[in-house]
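Data block below; observations after.
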Amino acid sequence: MNFITNISTDAQSDKELLKAFKQTNDIKYLSILYQRYMDLVFGVCLKYFKDADRCKDAVMDIFEELNTKLKIHEVDNFKGWLHTVTRNYCLMQLRSPRNFKTSELNIDFMQSGEPSHLLNEVFEKEESFKQLEACIETLPNDQKKTIELFYLQKKCYNEIAEITGFEWNKVRSFIQNGKRNLKLCIEEKLIDE
């Protein structure tokens, strides 16, 4: 799969190509590096999108993203970092509003002609959000901060590590523990009701 003009790959390591790209800002180094992993990127995209044409577009979009992200991120393991960037890209695309299909509400399919049960659902969701907010406030500060950055501001682990100064493994741990603590808190609140 070659979407980018073929540039003869030298025997340079990933780190050498990254360093050359950062020093010269010459896209050919990034192209050589990216070609090594385009099949990996395509495969990850295919896992999420299940549509080859959409995956080809994603491969090109991710390449464009790399051009800017690599200028601000320090990357030691390019393959692993690229996998994370690709996964996050796919998840963000799937979460985007354009992927949600809407249809007009047909009164004939409702239980009653009045949309009162819809209002009840809205109030229930609002109550759930209030419970979630209350549970987030109970988290230790490190977990609270990383949970808010990851779920509310949609930052990836690397971005959270950069913002907070925490090590990547700590960020992952804080998010996992925070998620578990939130689940326990919400379950307790449901039992109390």
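The values are calculated or read from the model by the stated rules, or taken from the named source; none is laboratory data. Please read these numbers as outputs of a predicted model, since none were measured by experiment. Neighbour counts run over all protein chains shown; Cβ positions are idealised from the backbone, glycine included.
Here Ile32 passes the criteria (1) part of a helix (DSSP H, G or I); (2) surrounded by fewer than 17 Cβ atoms within 10 Å (Cβ to Cβ) except the one numbered (2).
Taken residue by residue, the stretch 126-142 has no member that is under 20 Å from Leu91 (Cα atoms) and modelled with pLDDT of 85 or more. Leu105 meets the conditions (1) surrounded by fewer than 16 Cβ atoms within 10 Å (Cβ to Cβ); (2) at pLDDT 75 or above; (3) aliphatic (A, V, I, L, M) in every case but one. The failed one is (2). Here Val44 does not qualify as within 20 Å of the chain's Cα centre (by Cα), modelled with pLDDT under 90 and surrounded by 15 or more Cβ atoms within 10 Å (Cβ to Cβ).
Here's the yes/no breakdown for (1) at pLDDT 90 or above; (2) of a type outside the set (A, V, I, L, M, F, W, C); (3) assigned to a helix (DSSP H, G or I); (4) farther than 25 Å from Cys156 by Cα:
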{"residue": "Asp39", "(1), (2), (3), (4)": "yes, yes, yes, no"}
{"residue": "Ile62", "(1), (2), (3), (4)": "yes, no, yes, no"}
{"residue": "Lys71", "(1), (2), (3), (4)": "no, yes, yes, no"}
{"residue": "Val85", "(1), (2), (3), (4)": "yes, no, yes, no"}
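Restricting the stretch 143-189 to residues that are among the β-branched types (Val, Ile, Thr) and within 18 Å of His73 (Cα to Cα), the residue that is surrounded by the fewest Cβ atoms within 10 Å (Cβ to Cβ) is Ile163. Regarding Phe123, is this residue aromatic (Phe, Trp, Tyr) and at pLDDT below 70? In short, yes. Within the stretch 132-143, the set of residues being in contact with a Gly (Cβ under 9 Å, 6 or more places away or on another chain) and more than 12 Å from Lys179 (Cβ to Cβ) comprises Pro140, Asp142.
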